[in-house]
Amino acid sequence: MSNDIVPISAGTIESITARNKGVDILKPLKKDIYLKDLYLYNVGKRASEVAIASVKEGDEVILRHEKTLYDEFMTICYTKSGLSLGEVGEFDEEIFSRILDAGKELYCQVVRKGLAHDEPFVRISVTMKDY
């Protein structure tokens with residue numbers, strides 16, 4: 001058996017699957033992996049009123065790992081326009097910063113936003129695209 005690339009003619013995959021009912025043909029290896037819903041911290045201190053007003057439920061937001069002198073795992077959430085919304089909590093920031101450093105794509109969506117005890121809050125849902 002040679003290792004040459006052989007062109008596939010039309011109907012080849014259909015005929016293979018018709019003959020071999022128990023054989024699975026590889027499908028594109030792309031899937032969305034749900035990771036977690038989380039509340040952002042320091043929304044009232046870090047985010048401007050413009051950033052909070054501009055984001056709506058269902059909007060896509062961005063997580064970025066930004067090392068600081070005091071926190072090497074700081075992960076900050078930004079709007080699509082680049083305005084800071086808040087930080088990922090200490091419990092989760094190391095995990096998400098390492099995932100981001102590994103080059104994985106994280107997609108975040110605003111699930112809920114509002115006021116609690118006169119402080120704004122934002123809750124996001126984090127999903128990883130795996131190929």
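Quick notes on this one:
- Long-range amide H partners of LEU35 with built H, under 5 Å: VAL126, THR127, MET128
- Other-chain or far-sequence residues with amide H under 5 Å of VAL122's (modelled H): LEU40
A short reminder: the numbers here are calculations on the coordinates, not readings from a lab. Worth saying up front: this structure is predicted, and the values here are computed from it rather than measured.
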